[in-house]
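Take a look at the structure below.
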């Protein structure tokens, strides 16, 4: 397919802007504690000196959520292709730190090169990917076309673009068709997005409905030492977790907790704000609610008399899920879109959520239908649902059993997606 004029304009712009973009990106990484060696990965300089042997499968994601969403897929592909190597690239320091703790076997992380010829040429020459998988909305024109020029088969998985982005692509049909033509397979999160990709001039015969990969995410890591210390501090008290809460939700959670403690005076709440930097503000809300509090970032553990444990740290959510059988997921009482219920079920807990779960709509549909999750309308409904689960051991056990069934079904789906990718990316030809 011939490059449209707009693509040539984009290429010319990258030539002019690349030095400034590179300076800005490297400076930003250095300010956030990334070493000079690693920061220069943005210029295509690999900090891993040698590429591993065997097939190299490159996954590119934007940030934390997108990066973590493909780890389970990489792990499953690695089981099927025991000699393959995997590379995952992302753009943010937070994603790099979390990935470092969770990388599957034979997988390395690098910061993604900027979308310019020099950095991309260096990157591709070093890693020589046998296949490339892009995640969600990572549609960098030069990266895509230069990768395609290497002959590597390419896929877009978990495809999801905002309505604004889709409209922008649709206004440039020749440009969109030229960029999206690089893919051998486009797997979307749902039927609506599959149609949207076709409307954006993606090749219709390459587009198929997949599944939201965040609903198949790898289990969150936990630390046995932290778990043992926290369990000892809680001394067998009943515990529930309110995770990934946003402004305007903590007040509802704390009111619910205060009401429940009238029936269960030793009930403990582990409160995990979505953004740890909000810790002081959330601590003030706990105090205003008349509840005692221990703060994780201060190195404390919950004592017998403290009603709330404020877990204002990053990357420790797996520890807190492991301490309970009941989790309320935030970002759902307000119109934010919700957070990943699959991680909760993997940890052996049941899910309560507000009604605003558009980011995981299909996952919640499956879980609520099976009985592994429940949608609550407001604080009153949340209090009633928690009271029922705390008071009825049989109801709680039924919800947990439903979650186990969900896990089995999702594992089969993950294998199916991994097998399909391997086939479409022609990795099976040299797998033996």
When the chain is treated as a Gaussian network with springs between alpha carbons less than 10 Å apart, the largest mean-square fluctuation among 11, 351, 253 is found at 11
Which value in nm describes the separation of the simple spin-label points at residue 288 and residue 393, placed 7 Å from the Cα toward the beta carbon? 4.0
Could you give the distance between the Cα centres of the stretch 188-213 and the stretch 289-319, to the whole Å? 43
Decide, for the stretch 209-252, between rounded, prolate and oblate: order the square roots of the alpha carbon gyration tensor eigenvalues as a ≥ b ≥ c, take rounded if a/c falls under 1.5, and otherwise choose prolate if a/b is larger than b/c, else oblate. oblate
Quick one: angle between helix 93-102 and the longest Cα principal axis of the chain, in degrees between 0 and 90, rounded to 10, please. 80
The alpha-carbon center of the stretch 120-156 and that of the stretch 335-384 are separated, in whole Å, by 36
Quote the convex hull volume per residue of the stretch 194-287, based on C-alpha atoms, as a whole number of Å³. 187
What whole number of Å gives the distance from the Cα centroid of the stretch 215-277 to the Cα centroid of the stretch 42-105? 31
For the chain, modelled as a Gaussian network with Cα springs under 10 Å, which listed residue fluctuates most, 299, 330, 379? 299
Relative contact order %, the stretch 224-391, counting alpha carbon pairs below 8 Å whose residues are six or more apart: 22
For the stretch 224-391, just the Cα set please: Rg and Dmax, both in angstrom. 14.5, 41
Once residue 128 and residue 15 are pulled to full extension, the length gained, defined as 0.36 nm per residue separation minus their Cα-Cα distance, is 38.4 nm
For the chain, max minus min Cα coordinate along each principal axis, in Å, sorted largest first? 70, 45, 44
Please tell me the relative contact order of the chain in percent, rounded to the nearest whole number, where contacts are Cα pairs under 8 Å and at least six residues apart. 13
Sorted from fewest to most neighbouring beta carbons within 10 Å, what does the list 43, 367 look like? 43, 367
Estimated 222 nm signal from helices in the chain, with DSSP H stretches of n ≥ 4 weighted -39500 (n - 2.57), rounded to 500: -14000 deg cm²/dmol
Estimated FRET transfer efficiency when R0 is 60 angstrom, pair residue 24-residue 384 (beta carbons, to 0.05): 0.75
Cα-projected label distance for residue 190 with residue 32, points at 7 Å along beta-carbon direction, nm: 2.9
Rounded, prolate or oblate: pick one for the stretch 90-133, where a ≥ b ≥ c are the square roots of the eigenvalues of its C-alpha gyration tensor, a/c under 1.5 means rounded, and failing that, prolate if a/b is larger than b/c, else oblate. oblate
Nearest-ten-degree value, helix 361-370 long axis tilted from longest Cα axis of the chain: 40
Rg to Rh, two decimals, where the stretch 156-202 supplies the alpha carbon set and Rh follows Kirkwood: 0.92
Determine, from the Cβ-Cβ distance of residue 304 and residue 377 and an R0 of 22 Å, the FRET efficiency 1/(1 + (r/R0)^6), rounded to the nearest 0.05. 0.05
If each of residue 266 and residue 409 carries a label point 7 Å out from its Cα toward its Cβ, how far apart are those two points in nm? 3.8
For residue 101, placing the label point 7 angstrom along Cα-to-beta-carbon and taking the stretch 223-238, residues whose amide nitrogen sits under 16 Å are 223-230
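Quick note: the coordinates plus some simple rules give every number you see, no bench work behind them. As the structure is a computational prediction, the values presented were derived from the model and not from experiment. Virtual Cβ from ideal backbone geometry, glycine too; neighbours counted across all protein chains shown.
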